[in-house]
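Nothing in this text is a laboratory measurement; each read-out follows from the coordinates by a stated rule. The structure presented is a predicted model; accordingly, all values stated were derived computationally and were not measured. No Cβ is skipped: glycine too gets one built from the backbone with ideal geometry, and neighbour counts run over all protein chains shown.
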Amino acid sequence: MSIERIGVIGAGQMGNGIAHVLSLAGYDVVLEDINSEQLDRATAVIQRNMQRQSAKGLIKEEEIGPAIGRIHASQSLEGMRDRDLVIEAATEDEAVKRKIFQELCPRLSAKAMIATNTSSISVTRLAASTDRPERFIGLHFMNPVPVMQLVEVIRGIATDDTTFQAALDIIKHVGKTAAYAEDFPAFIVNRILLPMINEAVYTLYEGVGNVEAIDTAMRLGANHPMGPLQLADFIGLDTCLSVMQVLYEGLADSKYRPCPLLVKYVEAGWLGRKTGRGFYDYRGKEPVPTR
C-alpha cells in the first residue's frame, strides 16, 4: 500500500508533533483542528521546533521551508477526502474519538487507512466504530514526537497484514523505531509508566515525601531524567488520570485505582504545564512545588 498523503486530526501537542515528523519525511500533510487559533499555534510551534533541530545539527536549515510547505491547515474534515491515511490525535476520550470516526469515515476513499494515537484505549473497540476495522491500527507516538524514538504499534483483532505492514513502513520512513504491543489496556509503555506515576502521587498523598523530595529521589536514586511528578505535569494530569481509569476499569485490579489526589488536581483544573499549575506552579520564572 503506497502512502503519500496523510491527514492528522488534532493540532495539539501530539498532533503538531506527528505532523512535524511526517512533513520532514516528505509526506504531504493536512493538519485539521476546529480551532483556528490552535492551528496557528501549531504551525508556529512546528516551525520553532524545526529551527531548534537545525541549530542542533539534527536537520539542515534548507529542509525547514519545504517541510512547512507540506503542511496544510484545515478546520474541516473535508480536507481528508484525498488522504491515503488519517491519524487521529484528539484528546484521550473514547466518546470524542468515536464521534470523529463517525464523521470522518464517509469522507474517506474506500482504500484509506485510519490510525489512532490513543495511549490506552482499546484499538479493537475504536476500530469497530468505523466502516473499515481491517484498515484501522493504533500508532502511539511518544511525547514529544520529534524527540522520542519509539512508536507503539497496536493491531486490533480485525487489522489486516497490509495495514500493519504499511504502518511499519511509515514508522521506518520517519526514522522511528516500532514496538509491537498487543491490544490490552494502556499497551506497554503506559501500562508500566502510569502506575509508577500514580504510586508517586500516592506517596505524596500519604505524606511520605513532598513534591521536591519525591522527584529528587527518583532522579538521583533511580537515575530517571525527570521526577515522576514533573513528568506527570509534562504529560498532563488529565491524560494521566484517563489512562489510570482505563487500566482500572479494563483490568479490574485495585492496584490501578487512581490516587484521590490526582483526581482532585484534575477537578481543580490543575493539569500541569499546559494550564500553568499541577504538581508545580509554572506561572513564575521557575517552577515551584504546589505541595
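Segment 50-77 and segment 245-271 have Cα centres lying 37 Å from one another.
Roughly what angle does helix 161-173 make with the longest principal axis of the chain, taking Cα atoms, 0 to 90 degrees, to the nearest 10? Roughly 70 degrees between the two axes. A Förster radius of 25 Å, combined with the Cβ-Cβ distance separating R48 from D281, puts the computed FRET efficiency at roughly 0.55. Each residue, L58 and A158, gets one label point 7 Å from its Cα in the Cβ direction; the gap between the two is 3.8 nm. In a DSSP loop and with at most 11 other Cβ atoms within 10 Å, the trypsin sites (Lys or Arg not before Pro) in segment 1-98 are K56, K60. Students often get this wrong, so check it: of K111/K172; K97/K285; K97/K274; K56/K172, which have C-alpha atoms separated by over 26 Å? From the list (K111/K172; K97/K285; K97/K274; K56/K172), the Cα-Cα distance tops 26 Å for K97/K285. Where both bridge residues fall in the chain, DSSP classifies roughly 25% of the beta bridges as antiparallel.
Taking the beta-carbon count within 10 Å as an exposure proxy, list H173, H140 from fewest neighbours to most.
Result, fewest neighbours first: H173, H140.
Between helix 189-205 and the chain there is an angle of about 30 degrees, using the helix long axis and the longest principal axis of the Cα atoms.
Roughly how many debye, to the nearest 20, is the charge dipole of segment 1-132 about its Cα centre, given +1 on each Lys and Arg Cβ, -1 on each Asp and Glu Cβ, and no other charges? Working shown, then result.
Details: 16 positive and 18 negative charges, 46 e Å.
Computed charge dipole of segment 1-132: roughly 220 debye.
For the chain, the longest principal axis of the Cα atoms and the long axis of helix 94-104 meet at an angle of about 10 degrees. Note on the chain: GNM, Cα springs under 10 Å; of N210, N198, N190, the largest mean-square fluctuation is that of N210. For the chain, what does the helix formula give at 222 nm: sum of -39500 (n - 2.57) over DSSP H segments with n ≥ 4, over the residue count, nearest 500 deg cm²/dmol? That calculation yields -14000 deg cm²/dmol at 222 nm. For H72, nonlocal amide neighbours, meaning residues 5 or more places apart or on other chains whose placed amide H falls under 5 Å from its own, are V29, V30, L31.
In this structure, the amide hydrogen of V86, modeled 1.01 Å from its nitrogen in the peptide plane, lies closer than 5 angstrom to those of G7, M113, I114, A115, counting only residues at least 5 positions away or on a different chain. Couplings for segment 39-45, taken from phi via the Karplus curve 6.51 cos²θ - 1.76 cosθ + 1.60 with θ = phi - 60°, read 5, 5, 4, 4, 4, 5, 5 Hz in order; Gly and Pro are left as x. The GluC sites (Glu not before Pro) of segment 205-291 that meet both conditions, a loop assignment by DSSP and at most 12 other Cβ atoms within 10 Å of the site Cβ, are E206.
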